[in-house]
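Data first, discussion second: the structure below is written as structure tokens.
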Amino acid sequence: MRKIILSLLTSALVFGSISCASKTTSSSESIEAAVETTVVTGPAAVKEFIPDSSNVKLLGRSFYDGLNLVMTYSSTGAEFNVSAKTLEVEINADSNGGRNADSAARIVAFVNGKRVLDEMLRSRNQRYTVFTGEALTEGVVQILKVSEATSSFAGISGIYTDEEGSVTPTEKKALKIEFIGDSITCGYGVDDPNRNNHFKTSTEDNTKTYAYKTAQMLDADYSMVSISGWGIISGYSGDGKKHGESALPAYYEKAAFSWGTTIDGYNPKDIAWDFNTFVPDVIVINLGTNDASYTKNDPEKCEEFKQAYIKFIEQVRDNNENAIIVCALGIMGQDLYPYVEAAVDDYIYDSWDEDVFALKFDSQLASDGICADWHPSEKTNQKAAVRLTNLIKMFYGPDPLAK
């Protein structure tokens, strides 16, 4: 994979000299203290760790290209064990350079599960302080891009600690789940409780979605393949016309998709994804909400959707021989769920593959909050995560890690 990526690089990155003044906090044995205490000057971050698989666990469809750990889809990034007094991370923007405030990459960092950094990447190169202080901090760090790939990519170019610091990859989880979806899976607008507002990457956060929460509940590694507004045969249609350019199956076998955005001189949509990189035990497909804006209960269009859905199940199965596949729909509309269910039944009948299931999510409730452009709130996502988690536990028993 790395050889393929490197062969696509036509030139090295040239970054601007703009830097970001990071928020620094005092470190202690408790991460709560690291977040809450007074700012102090800590040891200099002078020791560099390359963000490749020798030092970090790559999350989702991220990959190291020789220059950056490229963060593509939602919640891609790095996870690692750290023992240090100071931790800094250098992040590069894609060719958009964060010029458009509504589409800049949103970067977060967690230390021992607590969010300590939440920033919009607004220049080509920024170096953030995750923590600093006179006392040693030990634990697990996640550096994530929680906004979606279509708007912007980003890359981790370096991880830095004080002279005595150490960075090592965390262990891979026993259970792996891939989520394939649209804006619901991306976390579109989840941080904006006004249903009349529209898309901004600053209000998008995949870690508050049913997908990320399900992975957390099951202590699973995850991979997100999600694009807002996309579907099986058509993206969102406000004019009643078919928008086939926004059909996700066409790009499922690519590293990622973005509308013309590049990093390091290439675009991951031109790179074939290596399915040996992440081999899921469970795959959740949550597509059809946007198709419904095109099909509009027209029998012929709905049948077209069903047949295309069957082909997508076949495509997913061809690339993931042993995974259980869950075909879900319903949070923002259930019109096409009967056709999802029929697609699953027809696929099983023709293939004798009984490891495919349909799941009808409950529709979101106004009492649980409605977010930007009528997208689900974190409370709604939490409910969906519980429902999905319980289903996956049925496959493997009370303890899904004992499969």
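The values are calculated or read from the model by the stated rules, or taken from the named source; none is laboratory data. Predicted model only: the values in this text are computed from it and were never measured. In this analysis, Cβ positions are derived from the backbone assuming ideal geometry, glycine residues included, and neighbour counts consider all displayed protein chains. To get the accessible areas, we keep the full protein, side chains included, count just its heavy atoms, and leave off ligands, DNA and RNA. Shrake-Rupley method; radii C 1.70, N 1.55, O 1.52, S 1.80 Å.
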> Spin-label point model (7 Å from Cα, Cβ direction): what's the ASN276 to ASP355 distance in nm?
Replying inline: 1.9 nm
>> Please list, ordered by chain and number, the residues whose modelled amide H lies under 5 Å from the amide H of PHE131; skip anything fewer than 5 residues away on the same chain.
In response: LEU87
>> In whole Hz and in residue order, list the ³J(HN,Hα) couplings for segment 381-387 that follow from phi through the Karplus curve 6.51 cos²θ - 1.76 cosθ + 1.60, θ = phi - 60°; x for Gly and Pro.
In response: 4, 4, 4, 5, 5, 5, 4
>> Translational diffusion coefficient of segment 65-115 at 4 °C, 1.567 mPa s, Stokes-Einstein with Kirkwood Rh over Cα pairs, in µm²/s as a whole number.
In response: 98 µm²/s
> For segment 123-202, treating each Cα as an identical point scatterer without solvent, what Debye log10 I(q)/I(0) comes out at q = 0.14 1/Å?
Replying inline: -0.78
> Translational D (Stokes-Einstein, µm²/s) of segment 281-341 at 25 °C and 0.890 mPa s when Rh comes from the Kirkwood sum over C-alpha pairs?
Replying inline: 204 µm²/s
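Charges only on Cβ, +1 for Lys and Arg, -1 for Asp and Glu: so what's the dipole of the chain about the Cα centre, in debye to the nearest 20? Provide the component values of the computation, followed by the final result.
Details: 37 positive and 56 negative charges, 131 e Å.
About 640 debye.
What are the equivalent ellipsoid semi-axes of segment 210-250, built from the alpha-carbon gyration tensor (square roots of five times its eigenvalues), in whole angstrom, biggest first? Intermediate results must be reported in sequence, preceding the final value.
Working: eigenvalues 173, 21, 6 Å².
Those come to 29, 10, 5 Å.
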> Once phi is turned into θ = phi - 60°, what whole-Hz ³J(HN,Hα) does the Karplus curve with 6.51, -1.76 and 1.60 give for every residue of segment 307-318, x standing for Gly and Pro?
Replying inline: 5, 5, 5, 4, 4, 6, 4, 4, 5, 4, 5, 4
> GNM, the chain, Cα, under 10 Å: largest mean-square fluctuation among LYS208, LYS145, LYS173?
Replying inline: LYS173
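Taking N as the number of residues in segment 165-225, what value does Rg over Cα atoms divided by 2.2 N^0.38 Å take? If you can, show how the numbers build up before the last one.
On the way: Rg = 14.4 Å, N = 61, 2.2 N^0.38 = 10.5 Å.
Dividing the Cα radius of gyration by 2.2 N^0.38 Å gives 1.37.
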>> On alpha carbon coordinates alone, what is the Rg over Rh value for segment 135-176, Rh being the Kirkwood radius?
In response: 1.04
> Where q = 0.22 Å⁻¹, what log10 of I(q)/I(0) comes from the Debye formula for segment 308-372, counting one point per Cα?
Replying inline: -0.87
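Stokes-Einstein diffusion coefficient for segment 128-278 at 25 °C in a medium of 0.890 mPa s, Rh from the Kirkwood formula over Cα pairs: what value in µm²/s?
Working: Rh = 17.8 Å.
Using the Kirkwood radius from Cα pairs, D works out to 138 µm²/s.
Report the local net charge at ILE156: Lys and Arg +1, Asp and Glu -1, summed over other residues whose C-beta lies under 15 Å from its C-beta.
Net local charge, ILE156 excluded: -3.
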> For segment 193-348, what is the Kirkwood hydrodynamic radius in Å, using each pair of distinct C-alpha atoms?
Replying inline: 16.9 Å
> Taking every pair of alpha-carbon atoms in the chain, what share in percent sits in each 10 Å bin, from 0 to the bin with the longest distance?
Replying inline: 5, 23, 32, 25, 11, 3, 0
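How much accessible area per residue does the chain have, counting only protein heavy atoms and a probe of 1.4 Å, in square angstrom?
Numbers: 16360 Å² over 403 residues.
That works out to 41 Å² for each residue.
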> When the gyration tensor of segment 256-403 is built from Cα positions, what are the square roots of 5 times its three eigenvalues, in whole Å, from largest to smallest?
Replying inline: 24, 22, 20
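Please list TYR251, TYR337, TYR210 in order of solvent-accessible area, largest first, computed with a 1.4 Å probe with all protein chains present.
Details: TYR251 60, TYR337 20, TYR210 0 Å².
Order by accessible area, largest first: TYR251, TYR337, TYR210.
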> Can you pull the three principal axis extents for the Cα set of segment 245-291, in Å, largest first?
Replying inline: 33, 29, 13
>> What is the percent carbon and sulfur in the accessible area of the chain, measuring with a 1.4 Å probe over the protein chains and ignoring ligands?
In response: 49 percent
>> Can you compute log10 of I(q)/I(0) for segment 59-152 with the Debye formula, treating each Cα as one identical point scatterer, at q = 0.13, 0.14, 0.18 Å⁻¹?
In response: -0.43, -0.49, -0.80
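Tell me what the chain gives for mean residue ellipticity at 222 nm when only DSSP H runs of n ≥ 4 count, each as -39,500 (n - 2.57), the sum divided by the residue total, rounded to 500 deg cm²/dmol.
Working: 8 runs with 84 residues, N = 403.
Result for the chain: -6000 deg cm²/dmol, rounded to the nearest 500.
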